[in-house]
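K.L.:
Dropping a structure here in C-alpha cells format, bear with me for questions.
The values are calculated or read from the model by the stated rules, or taken from the named source; none is laboratory data. Keep in mind that this is a model prediction, so the values were computed, not measured. Cβ atoms come from the backbone with ideal geometry, glycine included; neighbour counts cover every protein chain shown.
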Amino acid sequence: MTTVSKSLAYPAHCGVKNSLFFNEYLEKLLEERDEIGLTDMVREIDAMMLTVEPGNAIEYIGELCLMSPYWYLHTIESASHWTHVLRIDGQSPDLIVREVKHDGIRGIFRSLNEVYPIGNNKPNSRYIGEVLRVTDLAAVVKLQQARGISFFSSEEVARLELPGNLAISKPSPYTHNIVAYVERGSQQERHYDLGFKDVSPAAYEVCQRAKERQQQLGIAELILPVDHLATRIYSQNREVAILEWLSLSSYYYWGSFDIIDQNSSTNVTKSMHCQDELHSPAKVFTANNTPYFVNHLKIFPSPTENYVRNYGPRLHHLALAVKDGKQQGVENIDYVVEAIREEGKSFLLDIIGSKFEGLKQIFSSASEHSSLIIEYVQRFSGFHGYFHANNVAELTHAAGIEEALMVMQADGQQAIKPS
C-alpha cells in the first residue's frame, strides 16, 4: 500500500501574522499536492543555474572553487553559450554556470535584468532557478499544467540553449526564477542534454589552483554544501511567492519571523524528502513588511525593498554550511573567514552570533561576476531553530549599506554618460 506524504504534518514556526488567504490556500494546495501524488514524485533540488557576463565565467569558477566545496567538472558548448558544470558529489546539488559568448546575445533572462537600474549594469548576471529531480517527468508536467503552471515548449528550450532533458517553467512573476524538472533515478548519473561536452583547460586550471589553496589554508574539509538559498521579493508578493514555490516543489512551510529593526520578514521552506539541507537546501524568501511608497511617512528602514527595486526580484545570497567544531582554538567559521580574507575576498561585517545563540553567520561582499553574496553559517550541535532574528537584522543592515553604495555609484555613472 502506497503511503501518501503529509505536507501539513510539520508545525509552522510563525512569528509573522499571515493572511487568511495564505492560511487557507497553504492547507488546500499542500493537501491537493499530496493527494494527486506530486509531493512523492517531486524530490530534491538536483541543480542550481545562474548566468554571468561574457568572459567572467573562468574567474567566477576560481572564486567558487576557493570559497565553496564545488569542483569544476566540464563545459558544454552550444551555439551561443558555454555551460560550465560544477559538482560536489552525487548527493548535493550541482551548480550550473552559464556564460554567453558575446554581449550581443539577448534573451529572456537578460530582459529580467534590464528594467532595473543596478541589474542593468550586468544584464547577463543573475540566478536563474533550480532543477528538481522527479520520478515521472511526463506525469509531473501534466499535473502541473492542469494546476495552471506554464512551461517553455521544447522549441523554446532549444532556442534558449537550455538542457533538452529538462521541463522548464516560465519565469515566476513573483521571484523571476524558473523551476525545472528532470527525470532521474536517485542512483543514476546526472547529465544535461545540451551540446558538445569537454573540459576547459582554463576552468580546470583555476579550479585546481583554488583547491590546492584550500588545502594549504586548511579549509577544504570545513566548508560544506549549500545550506539555503535566499530570494528577495517585493513586500506584496511574500505570501504568493511562498505558495507558488510550494506548489512547484515538494517543500513544506517551516515558518516566518519578523525582523522589526529592518522592516522585513524572513520566510523558510524545507524539503519533505531531505531532512539534511546539505542534500536539498532550504528555500528562504525575504520581503519588506511595507511597500516602498509608504516608507517616507514613517521613515521605515527598507533595505530589502530597495534591493528589489534596484536589482529586481532575484536570489540575493547562497549560504554555505561550515562544519561544526574548532580549528586551532577558534570556531571553524572564524578560521574559514580569516583564511578567505587573506586571499583578498571581502566581507560586509564581522562574524555575528555565538555558540550560545546556536549559530554564527557572515555575508561576503557581492561577487563582481554574479552579483551573488555568499553566506557562511555554522550551526552548533543541538540548535533546533533555523536563524536568530538578531543575526538576520545585522546581516540585512550590512547588505543594505553595500547596496546603497552601489546605487550611488550607478547614479554617478549615469550622470557622466554623454547625452
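K.L.:
List, please: which pairs have Cβ atoms under 8 Å, are six or more places apart or on different chains, and start with a residue in segment 16-32 that is closer than 17 Å to Ser264 by Cβ and end with one that is of a type in the set (Gly, Ala, Ser)?
P.N.:
Val16/Ser256; Val16/Ser265; Asn18/Ser256
K.L.:
Checking His81 against (1) over 30 Å from Glu277 (Cα atoms); (2) surrounded by fewer than 18 Cβ atoms within 10 Å (Cβ to Cβ); (3) of a type outside the set (A, V, I, L, M, F, W, C), which single condition isn't satisfied?
P.N.:
The single condition His81 does not satisfy is (2).
K.L.:
Which residue pairs have Cβ atoms under 6 Å apart, sit 6 or more places apart or on different chains, and have a first residue in segment 138-158 that is at pLDDT 95 or above and a second that is of a type in the set (A, V, I, L, M)?
P.N.:
Every condition considered, the pairs that remain are Val140/Met41; Val140/Val134; Val141/Ala167; Leu143/Ile36; Leu143/Leu38; Phe151/Ala167; Phe152/Ile168; Val157/Ile168.
K.L.:
Can I ask one more? Residues that are in contact (Cβ under 8 Å) with a residue 24 or more places away in the chain and in contact with a strand residue (DSSP E or B) (Cβ under 8 Å, 6 or more places away or on another chain): find the helices (runs of 4 or more DSSP H) completely inside segment 226-340 holding 1 or more of those. Steps first, please.
P.N.:
Numbers: elements: 238-248, 295-298, 303-311.
Counting at least 1 such residues, we get 238-248, 303-311.
K.L.:
Okay, moving on. Quick one: how many residues across segment 46-73 are surrounded by fewer than 24 Cβ atoms within 10 Å (Cβ to Cβ), under 20 Å from the mean Cα position of the chain (by Cα) and assigned to a strand (DSSP E or B)?
P.N.:
Of the residues in that region, 5 qualify.
K.L.:
Right, another one. Looking at segment 92-137, which of its residues are closer than 30 Å to Asp34 by Cα and either acidic (Asp, Glu) or free of Cβ contacts under 8 Å to residues at least 40 places away in the same chain (or both)?
P.N.:
Asp94, Glu130, Asp136
Residues checked against (1) crowded, with 23+ Cβ neighbours inside 10 Å; (2) within 21 Å of the chain's Cα centre (by Cα); (3) modelled with pLDDT of 95 or more; (4) under 23 Å from Ala319 (Cβ atoms):
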| residue | (1), (2), (3), (4) |
| --- | --- |
| Lys170 | no, yes, yes, no |
| Ser186 | no, no, no, no |
| Tyr234 | no, yes, yes, yes |
| Phe257 | no, yes, no, yes |
